[in-house]
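Okay, structure first, notes after.
The values are calculated or read from the model by the stated rules, or taken from the named source; none is laboratory data. Just so it is clear, the structure is predicted and the values come from calculations on it, not from any experiment. A quick note on method: Cβ atoms are made from the backbone with ideal geometry, for glycine too, and the neighbour counts reach across all protein chains shown.
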Amino acid sequence: MTSRPAPQLLALPLALLAIAVFFAVKEPAFLGPRNLTQLIVEFSIVGTLALGMFMILLTGQIDLSIGSGVGLIGGVAAVLVFQQGWSAPAAMGTAFIVALILWTAMGTLIVRQRIPSFIITLGGLLIFKGLFWLVIQNSTIPVSRGDQENLYSRLTTYYLPSSFGFALVAIVLVALGILTWRSRAARSAHQLANPPAVRAVGQWLVMAAATLGLVYFFNHFRGVPLSLVVLAATAGAVYFLTQHTPFGRYLYAIGGNEEAAVLSGIAVNQVLVGAYVLMGVTVALTGFMTTAYSGASTTTVGDLMELDAIAACVIGGTALKGGRGTVWGVIFGALIITALLNGMTLLAVSPEIKFIARGAVLTLAVWMDVKLGRR
Amino acid sequence: MSDQPSPTPDLTNRSLGLGPWSFEKPLLAARGLTKKFPGVIALRDVAFDLRAGEVHALCGENGAGKSTLIKLLSGIHPHGSYEGELLVDGRAVAFQHIRDAEAAGIAVITQEFALVDELSVAENIFLGRAPRRGLRIDWLEMNRRAGELLADFGLAIAPETPVRDLGIGQKQLVEIVRAMDKKTRVLVLDEPTAALTGQEVAVLLDHLRRLRAQGTACIYISHKLDEVFAISDRITVLRDGASITTLAVRDASVPLVIKHMVGRELGDLFPRRSGFTPDSLEPIISVRGLTVAPAKNSPPFLREISFELRGGEVLGFGGLMGAGRSELLLHLFGAWGHRAAGEVTLRGAAFSDPTPRAAITRGLALVTEDRKRYGLVLDQPIGFNLSLSSLPQFTRASVSLDLPAEHVRNQTFFESLRVKAPDQRARVGGLSGGNQQKVVLGKSLMTGPTVVMLDEPTRGIDVGAKLEVYELINRLTAEGKAVILVSSELPELMGMSDRIIMLHEGKIGGEFVRADFSQEKLLAAAMGRRAAGAAKDQGPRTNTQ
């Protein structure tokens, strides 16, 4: 429902194509299976975080603390595994609960004390950074003990066996088919017109071809990355939440007109805290993945990721003032941001230039948001 | 006519020869002013003139066109956005901006102060034109000159005082001082005494008389007719955007002015069909001694409000702007104020700690006055807005939305309210005022309320849409729902209500049953004058048809 087809609808794939062509011309390895797999893992990390940020932005709020939070939560789990000898699931579970507590507290502060989220989360950025460095004692903490692999370390290095990848996609496709069929049946039961069956079947076939093709491609190298499954599951959950639950409607309503939302009987405070708690969930997931991807928790893990997440959302058409945005847009935005970062790394662009490029992209995206937002 | 004559003549001080009868050229004149807004004609062929050394009052109901006229005179609505001409000293002028009007000597002082709280009185007086020495502000010179000006006005305020430390009356006077220092010849005062105490009003009026004696002309807008009669030389009455008449105060009386302000035919514009059988039903909502403050430790704004409402009945609330009508509705709905005393009972059960959510659950619905601000998510489709308050109705296992069921319900409302749009996916922000109002109404009605509170439901919508709103009110009462109707338009209030309560400064100024409705009585009650014959008894009343 909700979002109108934004002008970005075609712009996003075109931008992505342009970026891909540019880097592929400069460095053919960009489109090689090794780099693409790496890119997909990085995309999963940024995308998951951006999906959490998406729900915050929908309400017109912001969260600047998530980059530090990503480092902190990953660090907590790493310390528990490496120094305390906990099992990876127990360590990650504990760190997950820490994230939930921190983000519930921030959300509650924002709604109860009416302190702007910008300030609270800016404070969070610094506090979490300090806590993070305290927790890891400014050192490098591996995510596993000895050379043993565990669930934590394998988050970004595990690839689904080829048959398993196909099986998973098949299950998802069947589930999608059933859902579509049921929704059509429900519409018919209410005497509502359905789009022609041919179209539904066609869409499903395209989806099937695309996903199966993707799996086939990944299987040629190492298989479907586990992190991509995490992203897909997160995206599915966020899509369901925002499009099929009252909670999601309320996110859009609060961002669109908070006063009207209050007078429409929406428990605005609860919804906002809920959005921050969900942000905490994605921060924890991202924290684990990005720390695992680095192989260890070090002081720079998570740096500036909040800006990548915001950029991904805004590039994807999410309005900073709230009330507008789609999950698909966020996914595309994350893909674009990741492709840029990955491509620059591949070309061995110096860190100075990378900072400037990142800043320019963020600024450009926000500028476009402002231009389009004024309509 | 039950009004006593206004107790004014002894207060006026019209000793100067420059009365309404001087034949000199008017300082300011308006000829055939017509101002159209999309869908509304705010002013039609208005004529008005102002002579040096007179105080000329503008009177009219809310929405009669007073503010629009002021905005034309002061350049807020630029030349070219209206028809007709404005003359200053007999020459046509074309103000493009407030600055142009100021340059011509016209200054407007409104209820919202244009003072910067954080700056001193002197800084405010010389804001944007501070005396300088080189690049620096000459503070000594500024404070000296400000001190002189204040002394001229007989104001015992130190120039260095921060404006935030001043009372409202003093702020008003500082604004006038500032305006006078800008060589102002025409001072426009828009409801200058709305927030002043009696003492401050007297001080203000004294200053105005002094300015008049010095030849300054003044346009004075006030709902308080006592003041108007105390200070003015002439009164121009506006109604529905037209200048009805201009009277010399010595020929006028309060009842006469009120008559001109409201004089309008009540035809079949208001198709009220009462579906109300009062004695057989328990009240759906009953309010006893309700006293509400804006915030916890502030003085109460609504005081001692009591009323009952039964199913099938329309209770109208009238009163001047700021009398507390909207605040009362917002408070009942749990969206405004701190309840200092009193109780609200819904169908016999106390409703003591209201929130909008609880109110909706208990069967209250509120359609707010400012639909764009409080009613709609403009960026979203019609359907999104219609079901926004009712989503719990459509959840399966209290998690996921039954979208088809929601769509069908939205469609029912979309069609029965005859919203003019291609379909329910159209953006609400693109609809006309009347259609937006239908969406807000639909949103409220979908929650299945038993008490529907409508705050200015027909403001800014065209006649056809108004009729549809009235028909909807009839439909609601026929279904046994109770309706509270707040309106600034007396004919509408009288046409659609079974009973009317007029509020005056947060209190009940009078309660009337249909047989007692008359514009004069209602307006008198709204102005805090108790008209004879106003129904005051609170007991069960007979059907008034």
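Being of a type in the set (S, T, N, Q) and closer than 28 Å to B:I258 by Cβ narrows it down to one of B:S67, B:S81, so name that one.
The conditions single out B:S67.
For region B:366-377, give me the residue count where each residue is facing chain A (nearest Cβ under 7 Å) and buried (at least 19 other Cβ atoms within 10 Å of the Cβ).
Adding up the residues that qualify gives 6.
Step by step: first the residues of region A:85-130, then only those that are basic (K, R) and in contact (Cβ under 8 Å) with a residue 60 or more places away in the chain, then the one that is nearest to A:I310 (Cα to Cα). Which residue is that?
Applying the filter and picking the extreme gives A:K129.
With A:L49, A:L72, A:L80, A:L134 as the choices, which residue is touching a helix residue (DSSP H, G or I) at 6+ places or on another chain (Cβ under 6 Å) and free of Cβ contacts under 8 Å to residues at least 24 places away in the same chain?
A:L80
Would you be able to tell me the number of residues in region A:224-245 that are closer than 23 Å to A:A167 by Cα and polar (S, T, N, Q)?
Number satisfying all stated conditions: 2.
Being facing chain A (nearest Cβ under 10 Å), within 29 Å of B:L332 (Cβ to Cβ) and either part of a helix (DSSP H, G or I) or in contact with a strand residue (DSSP E or B) (Cβ under 7 Å, 6 or more places away or on another chain) (or both), is that true of even one residue in region B:411-424?
no
Within region B:438-495, how many residues turn out to be at pLDDT below 85 and at positive phi?
Residues in region B:438-495 being at pLDDT below 85 and at positive phi: 1 in total.
Given the condition among the hydroxyl-bearing types (S, T, Y), away from every other protein chain (no Cβ under 14 Å) and under 24 Å from the mean Cα position of the chain (by Cα), answer yes or no: does some residue in region A:238-248 qualify?
no
Determine if region A:249-266 includes at least one residue that is more than 11 Å from chain B (Cβ to nearest Cβ) and without any contact (Cβ under 8 Å) to a residue 12 or more places away in the chain.
no
Which one is farthest from B:L454 (Cα to Cα) among residues in region A:289-309 that are of a type in the set (A, V, I, L, M) and not in a helix (DSSP H, G or I)?
Applying the filter and picking the extreme gives A:A296.
Restricting to region A:26-78, give me the number of residues that are of a type in the set (D, E, K, R) and surrounded by 21 or more Cβ atoms within 10 Å (Cβ to Cβ).
2
Write out, first by first residue and then by second, each pair whose Cβ atoms fall under 8 Å of each other, whose residues are 6+ apart or on separate chains, and whose first residue, in region B:232-247, is buried (at least 19 other Cβ atoms within 10 Å of the Cβ) while the second is acidic (D, E) and not in a strand (DSSP E or B).
The qualifying pairs are B:D233/B:E54; B:R234/B:E54; B:R239/B:E61.
Matching residues to (1) surrounded by 24 or more Cβ atoms within 10 Å (Cβ to Cβ); (2) under 25 Å from the mean Cα position of the chain (by Cα); (3) not in a loop (DSSP other than H, G, I, E, B):
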| site | (1), (2), (3) |
| --- | --- |
| B:G429 | no, yes, yes |
| B:K438 | yes, yes, yes |
| B:I461 | no, yes, no |
| B:E468 | no, yes, yes |
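Yes/no per residue for (1) among the aliphatic types (A, V, I, L, M); (2) in a strand (DSSP E or B); (3) outside the structural domain of B:F394 (by TED's automatic domain parsing):
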residue	(1), (2), (3)
B:A465	yes, no, yes
B:L485	yes, yes, yes
B:S488	no, no, yes
B:A515	yes, no, yes
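Please go through region A:222-241 and give me each residue that is surrounded by 21 or more Cβ atoms within 10 Å (Cβ to Cβ) and among the hydroxyl-bearing types (S, T, Y), ordered by number.
The answer is A:S227, A:T234.
How many residues does region A:255-265 hold that are buried (at least 24 other Cβ atoms within 10 Å of the Cβ) and either assigned to a helix (DSSP H, G or I) or of a type in the set (A, V, I, L, M, F, W, C) (or both)?
Residues meeting the conditions: 5.
Each row is one residue, and each column tells you yes or no for (1) surrounded by 15 or more Cβ atoms within 10 Å (Cβ to Cβ); (2) modelled with pLDDT under 85; (3) in a helix (DSSP H, G or I).
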residue	(1), (2), (3)
B:N143	yes, no, yes
B:L149	yes, no, yes
B:A158	no, no, no
B:I176	yes, yes, yes
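Pull out all pairs, ordered by first then second residue, where Cβ-Cβ is under 9 Å, the residues are six or more apart or on different chains, the first lies in region A:191-213 and is in contact (Cβ under 8 Å) with a residue 60 or more places away in the chain, and the second is loosely packed, with under 15 Cβ neighbours inside 10 Å.
none
Scan region B:344-365 residue by residue and report those that are of a type in the set (G, A, S) and within 11 Å of another protein chain (Cβ to nearest Cβ).
B:A358, B:A359, B:A365
Among the listed residues A:R249, A:R187, A:R199, A:R182, identify the single one that is modelled with pLDDT under 85 and within 25 Å of B:Q411 (Cα to Cα).
A:R187
Could you please let me know if A:T286 is more than 14 Å from chain B (Cβ to nearest Cβ), in a helix (DSSP H, G or I), touching a strand residue (DSSP E or B) at 6+ places or on another chain (Cβ under 7 Å) and more than 28 Å from B:D370 (Cβ to Cβ)?
no
If we keep just the residues of region B:27-41 that are in a loop (DSSP other than H, G, I, E, B) and at pLDDT below 85, which is farthest from B:I461 (Cα to Cα)?
In this case the residue turns out to be B:P38.
Scan region A:289-320 for residues that are within 14 Å of chain B (Cβ to nearest Cβ) and either surrounded by fewer than 24 Cβ atoms within 10 Å (Cβ to Cβ) or over 20 Å from the mean Cα position of the chain (by Cα) (or both) and jot them down.
Answer for region A:289-320, where residues must be within 14 Å of chain B (Cβ to nearest Cβ) and either surrounded by fewer than 24 Cβ atoms within 10 Å (Cβ to Cβ) or over 20 Å from the mean Cα position of the chain (by Cα) (or both): A:A319, A:L320.
When the residues of region B:388-402 are filtered to those that are closer than 23 Å to A:T180 by Cβ and more than 7 Å from chain A (Cβ to nearest Cβ), which remaining residue is modelled with the lowest pLDDT?
The selected residue is B:A397.
Residue by residue through region A:184-195, note down the ones that are surrounded by 15 or more Cβ atoms within 10 Å (Cβ to Cβ) and either facing chain B (nearest Cβ under 9 Å) or in contact with a Phe, Trp or Tyr (Cβ under 7 Å, 6 or more places away or on another chain) (or both).
A:A186, A:R187, A:H190, A:L192
Taking into account only those residues within region A:267-281 that are under 18 Å from A:I115 (Cβ atoms) and hydrophobic (A, V, I, L, M, F, W, C), which is nearest to the other protein chains (Cβ to nearest Cβ)?
That would be A:V268.
Being modelled with pLDDT under 90 and farther than 29 Å from B:L256 by Cα narrows it down to one residue among B:A64, B:A104; which is it?
Exactly one of B:A64, B:A104 is modelled with pLDDT under 90 and farther than 29 Å from B:L256 by Cα, namely B:A104.
Right, A:T234: in contact with an Asp or Glu (Cβ under 9 Å, 6 or more places away or on another chain) and more than 14 Å from chain B (Cβ to nearest Cβ) or not?
The answer is no for A:T234.
Tell me whether region B:441-452 contains one or more residues that are more than 21 Å from B:I360 (Cα to Cα), touching a Leu at 6+ places or on another chain (Cβ under 9 Å), within 14 Å of chain A (Cβ to nearest Cβ) and outside any loop (DSSP other than H, G, I, E, B).
No - not one qualifying residue is present in region B:441-452.
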